[in-house]
């Protein structure tokens, strides 16, 4: 067991300030999941098939993958039978444990950015259209500037109208250099130039923006492969991080996004954006389960400092707060 | 693709109902569970799924299985009909009666409002001969105005903007005056993306609605969206008088079950689907096609339309007539393979065919493409005579061709064998479709070449 009580001990009763923005951002999403499980427990006197079906629905509501929900519920059923639990009130603990044990899956997870041992660190940002790559880059750059790093940006989205300008506006506000190419030009060329410039400037980090692409577009995926190859050629151990940006509202398709982008690039982590809405981004649990890609950051708003390191325990706490406090 | 089609999913639970005359609660329960999972995997909201399943259950109960259908097909049929009904059985069009007609685009960040605004303007120019004005009211996201301006320039539609300092309400008001003064009959207002829980920004939209009295307020929704779509659509609908929705990124591989959720929860019709990066990639919404897609049943209509778009009719006719005359050569084979290739990755095409399993084992698009490249290289290394009549290709010619294209002779043999097979197949098809077979003695395409050959030998 353990996890439930561990998190409970860690967070419950702490002042709101300590859990700060993170939980505040997740608050809207938490009402759904934990409240519903509580209501469910209140409605059912005994645990039966109907109870489990509703539980499935509740988990699915958070966009956890359908297969994974079935897996979790099966595990819960097993546990319930083993422990001979009949009271729905006592099941909460098991639900949380099962859900997140699957995420953690005893693998090593870190949210730290893997910087190059020496020289330039290259970070490649990928994702579907409208996920929030450009905004995330600005937030990430801001974070690194705070850490005293020298950052350069590469405007690798040469396709979408206004994308280069969008990054340039951010670069301006952050006062960091941005390497631009022609709109409609070859993104690999932009990245190539940016690497050269970053090296010349002795920069610590280069963050490369790319155009949003749907993962089933063969040609666009080839283009990304080329960009990736250029980075590898210029910086043999790069890109040091390839971050897949996923919108928290994304449904079951998130798994397909992660698996297809992983085929082309070495995706090292996920940035889950727009977590300040009511979406829960539960699909990241399925992605971790199936592809072992961890979430590194979550985006909680439109301001520069609205990027937080992903903390599994805090995420769980945010989601299931009411379960623990009730 | 991680999804299985509904028919595949159902096959396991079908055993129970095989041979049974009527559908009962009992023999359907497994099937209904599979349908439920399929819909959930398609991102249909779980509440909608629940009601939907209840509906299907009560409709199917006691239903006699039509003699021509298996019980499984019967259930799929009921599900399909129900889906179409839910999605709205008619195509709903824009209301363009007022002058100027105001269309307001709203939605979450990154759903595709700006791009869709551009596409819509383009459509109205090309299809309805309108003179639209695009209005840039996204003053928050950096460079959103530039994005709209770039789009507007590329389709020669003027863009009204007041920079990022003005209030969106004021921009909208001024834009209306401008449109009237300049004789624009449609005004498309691009608003900033916002979360449905952001009260200040939602109020701003409400105020804008009160100022411009739009005929249409279109909610732009990303087809990749999951369960949360229902919160988004309901909140927007509470605050504004939505008249329709646009489903974007439909060229992705998501099932787009969100369409069903929106329709069911808000009764707002889906009016358009956006299907690509180009400005022409917007289409009116067809409920029946969407139903097929949600069920993963293949989409023959879309395939046919796609084929009409990309296939060059003249070259197909040429190949066909060669076929009928019995002179189907390697050039024709290469051409038909190229045509198929233009439809996109083969796995995608196969997926659109009903009855095809969604996961074709050991099928890789890259392999197919590689193979086409190889065939292309070999055929292009042949002389026109050889292409017209491959039977003249003997050992020495093979050697020459192999050198020309840098392949092994074995590869050329493989190609020739494939050609023979496809010729036999084509002839059979031809016979089946009523094409007359020429008497075997009549055409001799080799005549000219035989002469040629002799000359060479001398």
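Every number here is computed from the coordinates shown, using simple stated rules; none is lab data. Keep in mind that what you see is a predicted model, and the values were worked out from it rather than measured. FYI the Cβ positions are ideal-geometry reconstructions off the backbone, even for glycines, and counts take in every protein chain you see.
Annotations for the structure displayed:
- Sequence-separation-based contact order of chain A, relative, with Cα cut under 8 Å and 6+ spacing, percent: 26
- By the count of neighbouring beta-carbon atoms within 10 Å, fewest first, B:280, A:200 end up ordered A:200, B:280.
- The fewest-to-most ranking of A:63, A:193, B:292, B:367 by surrounding Cβ atoms within 10 Å reads B:367, A:193, B:292, A:63.
- Ascending count of other beta-carbon atoms within 10 Å, so fewest first, for A:312, B:61: B:61, A:312
- For chain A, the longest principal axis of the Cα atoms and the long axis of helix A:218-234 meet at an angle of about 70 degrees.
- Helix axis angle, A:253-264 relative to chain A longest principal axis, alpha carbon, degrees: 40
- Gyration tensor (alpha-carbon) shape descriptor, the range A:182-326, a/c threshold 1.5: prolate
- Partner shielding of A:298-307 amounts to 1, given as the average count of beta-carbon atoms from other chains within 10 Å of each residue beta-carbon.
- Test item: A:53-59 mean partner chain Cβ contacts at 10 Å: 3
- Average other protein chain Cβ within 10 Å of Cβ, residues A:159-167: 6
- Estimated [θ] at 222 nm from DSSP helical runs (n ≥ 4, -39500 (n - 2.57)) normalised by residues in chain A, nearest 500: -17000 deg cm²/dmol
- Taking the C-alpha atoms only, the angle from helix A:133-146 to the longest principal axis of chain A is near 80 degrees.
- Scoring B:39-49, A:243-253 by mean Cβ neighbours within 10 Å over their residues and listing the highest first yields A:243-253, B:39-49.
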